[in-house]
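To start, the structure itself, in structure tokens.
The values are calculated or read from the model by the stated rules, or taken from the named source; none is laboratory data. Since the model is a prediction, treat every value here as computed from it, not as a measurement. Note that we place each Cβ from the backbone using ideal geometry, even for glycine, and neighbour counts take in every protein chain shown. Quick note on the areas: whole protein, heavy atoms, side chains included, nothing else; ligands and nucleic acids left out. Shrake-Rupley method; radii C 1.70, N 1.55, O 1.52, S 1.80 Å.
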There are 2 protein chains.
Amino acid sequence: MMARPKSFDEDKVLDAAIDCFSRNGLKSASIRDLADEMGIAGPSLYNAYGCKRALFVKALARYADAAVRAKLAALERAHPAPGAIAAFFAETISDALAGPEARGCMIVNTAMEADPRDAELSALVSGYLGEIQEFFVRNLTAARAASLIPGDLDIEDASRLFVGLLLGLGVLARARPERALLEATVRPALALLETAPRSRRRGLS
Amino acid sequence: MMARPKSFDEDKVLDAAIDCFSRNGLKSASIRDLADEMGIAGPSLYNAYGCKRALFVKALARYADAAVRAKLAALERAHPAPGAIAAFFAETISDALAGPEARGCMIVNTAMEADPRDAELSALVSGYLGEIQEFFVRNLTAARAASLIPGDLDIEDASRLFVGLLLGLGVLARARPERALLEATVRPALALLETAPRSRRRGLS
DNA sequence: TCAGTTCTATAGCGCTCGCTCAAAAACCGG
DNA sequence: CCGGTTTTTGAGCGAGCGCTATAGAACTGA
């Protein structure tokens, strides 16, 4: 039997939850905040998702899929290797500076907020970070095959540096959301991809 | 008049507060948690510090002074430029992995947790990060004067990269506290400091 | 000794939290 | 239309939160 259908669009309320969680985090986003922004009442939220944490996991999964994976795929389509890497950071910086609100990347936020002994969230975060790292590895591997990056650059290590830098940008963008600063932070890392002669442009105090 | 003296050692209780805040953050560390770990009762805490936030600011200041500044100074004393930079990251990684608890660097934690519109905490975090950046700048400047790093390396940008990487390590160490992974993340950034011939050692899958 | 001052300790205030119960409302199949 | 199922709704529970009122304990100066 079908009975009464839900009165809200599941994707839209999940997007609202993503927004609320991104701004406040899992712990600080209250059920009442969430329900308000999602446009539904508390008990409906519980009826649909069970508990706050389950809602968070669903929102995180949707964020990873709709925001992260889609972005990575689009960048790989639009830029020949290794250009997608620089484009990725440029877009990440623009995203971090978009809007007056302190949104931040939900994956970075979760990595910081989750207790490392929380096996479920830790595994999710590790998995998502691994996907991002693989994006870097794919790009670097293709670039090396075309001799577009230095031959002695260790792809595995470099991709880890980029992941670490991505996380650092997420933190830095909260403390100091200034475009020039964030771009300067990324620049030396991208210089690693330049083939000799090493032309690392100076810039910006 | 002097009246009844305090029955606790202010430094010791502040250290306990640093520990509690480092593990739980400003918002999640409750007054009862703090009071318990500090070994004093709630009202004594309020009598001594006024409010939770003021206690946090005092604890953060002590952390920055006793943990960060002292560490930077010791490294600069112990290592000729630019070796202090690599030593700094090595020590940071070891610190992050020390103990089963999820302590994390209080400055990184605060940078993530504080609302960017919170002027006081944002300014404190920016200031502390600036001090760390200056440590990198000093080291790089001295190293350049001795021709120990590539001459075309932009010192300002590189020091920002190191700060960003430090923040990233703080996040990554929570999600994946594995020494080999953290070291591999730092390695390509330190390779920027090597003078030609560029020998970036491969390593670690 | 004892008034004066400061610190400590018990209890608890008002509030928000995650979550739930009971009843009303909306929809389906027949 | 109606029985059955699900969703929505308003109210509220117990717990924990930051913080404090109040009273007693500890110490100083005189």
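Of note:
- Cβ-Cβ under 6 Å pairs, at least 6 apart or on other chains, segment A:178-205 side at the interface with chain B (Cβ under 9 Å from one of its Cβ atoms), far side at pLDDT below 95 and surrounded by 17 or more Cβ atoms within 10 Å (Cβ to Cβ): A:Ala191/A:Arg200
- Scanning segment A:92-108 for residues that are surrounded by fewer than 14 Cβ atoms within 10 Å (Cβ to Cβ) and assigned to a helix (DSSP H, G or I), we see that the one that is modelled with the lowest pLDDT is A:Leu97.
- Applying the set (1) surrounded by 20 or more Cβ atoms within 10 Å (Cβ to Cβ); (2) within 13 Å of chain A (Cβ to nearest Cβ) to B:Ala143 leaves exactly one unmet item: (2).
- Flag for A:Leu172 being modelled with pLDDT of 95 or more and either under 17 Å from A:His79 (Cβ atoms) or assigned to a helix (DSSP H, G or I) (or both): yes
- Residue within segment A:2-10 that is modelled with pLDDT of 95 or more and part of a helix (DSSP H, G or I) present: no
- Just one of (1) under 28 Å from A:Arg103 (Cβ atoms); (2) open to solvent by 50 Å² or more (accessible area, probe 1.4 Å) fails for B:Arg160. It is (2).
- Count - residues of segment A:109-125 that are part of a helix (DSSP H, G or I), open to solvent by 40 Å² or more (accessible area, probe 1.4 Å) and at the interface with chain B (Cβ under 10 Å from one of its Cβ atoms): 3
- Every listed requirement among (1) of a type in the set (Gly, Ala, Ser); (2) closer than 22 Å to A:Tyr128 by Cα; (3) within 13 Å of DNA strand D (Cβ to nearest atom) is met by A:Ala64 save one, (3).
- Residue that is surrounded by the fewest Cβ atoms within 10 Å (Cβ to Cβ), among those in segment A:22-55 that are among the aliphatic types (A, V, I, L, M), outside any loop (DSSP other than H, G, I, E, B) and more than 12 Å from DNA strand D (Cβ to nearest atom): A:Ala54
- Selection over segment B:13-45 of residues that are touching a residue at least 12 places away in the same chain (Cβ under 8 Å) and over 25 Å from B:Arg174 (Cβ atoms) gives a count of 5.
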